[in-house]
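What follows is a short report on a single structure.
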Amino acid sequence: MPSPLRRWITVAALSLAAIGWQSTALAQSTPAAPPTVAAAADLKFAVEEVARLFEQRTGHRLRLVFGSSGNFYSQILQGAPFHLFMSADEDFVFKLAEAGKTLDRGRLYAFGRIGIMVPKGSRLKADGELKDLAAALKDGRLRKFAIAAPDHAPYGKRAKEALQHAGLWEAIEPRLVYGENIAQTAQFATSGSTEGGIIALSLAKAPQVAALGDFALIPESWHRPLAQRLVLMKDAPPAARQFYDFLATPQAQAIMVRYGFAMPQR
């Protein structure tokens, strides 16, 4: 039977496919359809909770789609009908703004963190300074290790930087299993198909994930900041604009903090 984590990853992937952002779907879209929020996969649990509160408060429904920020960036460039983009890397927002795809340059909404996650029964220890990971590379305990794909997933880029900082990149690269996004990486890191992986703190804090293994934060000085930015598209309907504003309220930010996000200083 598929794990709860695998089920929500599958649902997220099906939701993205169901959007059908090709031209046929564009022609069939109606103003009454719920606004679509394209959100980085590290936001899965936190933003779902924020969205439920928003819907209770306003009566507006939202369509949430989770995935890799880099993939969303490419899709928006090609005309995907998203209304609000919550990126795990603000550079993607800046590039979209320069391409004329967004209302403005958006707003910094959070800073993320990464850490090492190992499944129950793993031969690795959840050691934030990666000393046991280094030892496992030498003594043969490590066969496979998961990170998100660095070429398009911000959390994968930061994982690579942390491994480089620890002097482990060249030795561990042949053993890496790449997740399409950080949510899939978390599934790889907790399912037992790998000895562990580097995932988002926000996912590790979710009860569904925390129950599957042990987690330890990697020092934030080991990688560039995960500065996360959201932005509205030019055709964003009023409900999307309301959600954009709602994400800056104390109620929404309290939920984000509970999932391990640091709020930007005002």
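The values are calculated or read from the model by the stated rules, or taken from the named source; none is laboratory data. Nothing here was measured: the structure is a model prediction, and the numbers come from that model. Cβ placement follows ideal geometry from the backbone for every residue including glycine, while neighbour counts extend to all protein chains displayed.
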Checklist entry - Only one residue in ALA80, ALA126, ALA88, ALA99 is surrounded by fewer than 20 Cβ atoms within 10 Å (Cβ to Cβ), modelled with pLDDT of 95 or more and not assigned by TED's automatic domain parsing to the domain that holds LEU201, so which one is that? => result ALA99
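Which one is surrounded by the most Cβ atoms within 10 Å (Cβ to Cβ), of the residues in segment 159-178 that are farther than 11 Å from GLU129 by Cα and touching a residue at least 40 places away in the same chain (Cβ under 8 Å)? Even if it seems obvious, please write down each step before you answer.
Keep residues of segment 159-178 that are farther than 11 Å from GLU129 by Cα, which gives 159-161, 164, 167-178.
Still in the list and also touching a residue at least 40 places away in the same chain (Cβ under 8 Å): 159, 161.
Details: ALA159: 32, GLU161: 17.
My answer is ALA159.
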Checklist entry - How about segment 121-141: which of its residues are free of Cβ contacts under 8 Å to residues at least 60 places away in the same chain and among the acidic types (Asp, Glu)? => result ASP132, ASP139
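Here are some residues: TRP21, TRP8. Which one is closer than 19 Å to ILE199 by Cβ, at pLDDT below 60, outside any strand (DSSP E or B) and aromatic (Phe, Trp, Tyr)?
On the way: TRP21 fails: closer than 19 Å to ILE199 by Cβ.
On inspection, the qualifying residue turns out to be TRP8.
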Checklist entry - In segment 38-70, which residues are assigned to a strand (DSSP E or B) and touching a helix residue (DSSP H, G or I) at 6+ places or on another chain (Cβ under 7 Å)? => result ALA38, ALA39, ALA40, LEU64, VAL65, PHE66, GLY67
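Can you tell me which residue in segment 90-133 is farthest from LYS234 (Cα to Cα), limited to those that are assigned to a helix (DSSP H, G or I) and touching a helix residue (DSSP H, G or I) at 6+ places or on another chain (Cβ under 8 Å)? Please lay out each step first, then the result.
Going residue by residue through segment 90-133, those that are assigned to a helix (DSSP H, G or I) are 90-98, 131-133.
Narrowing further to those that are touching a helix residue (DSSP H, G or I) at 6+ places or on another chain (Cβ under 8 Å): 92, 95-96, 133.
Values: PHE92: 16, LYS95: 15, LEU96: 11, LEU133: 46 Å.
So, considering only residues that are assigned to a helix (DSSP H, G or I) and touching a helix residue (DSSP H, G or I) at 6+ places or on another chain (Cβ under 8 Å), the one farthest from LYS234 (Cα to Cα) is LEU133.
Right, ARG105: modelled with pLDDT under 95 and touching a Lys or Arg at 6+ places or on another chain (Cβ under 9 Å) or not? Give the steps one after another, and end with the answer.
On the way: modelled with pLDDT under 95: no; touching a Lys or Arg at 6+ places or on another chain (Cβ under 9 Å): yes.
When the stated conditions are applied, ARG105 does not pass them.
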Checklist entry - Would a scan of segment 45-58 turn up a residue that is buried (at least 21 other Cβ atoms within 10 Å of the Cβ) and of a type in the set (Gly, Ala, Ser)? => result yes
Checklist entry - In this structure, does GLY197 turn out to be crowded, with 17+ Cβ neighbours inside 10 Å, within 23 Å of TYR73 (Cβ to Cβ) and not β-branched (Val, Ile, Thr)? => result no
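So which residues in segment 49-79 are under 21 Å from ALA97 (Cβ atoms) and within 19 Å of the chain's Cα centre (by Cα), if there are any at all? Full working, then the answer.
Step one: filter segment 49-79 for residues under 21 Å from ALA97 (Cβ atoms), giving 65, 67-79.
Correct list: VAL65, GLY67, SER68, SER69, GLY70, ASN71, PHE72, TYR73, SER74, GLN75, ILE76.
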Checklist entry - What number of residues in segment 213-236 are over 14 Å from ILE116 (Cβ atoms) and surrounded by 18 or more Cβ atoms within 10 Å (Cβ to Cβ)? => result 9
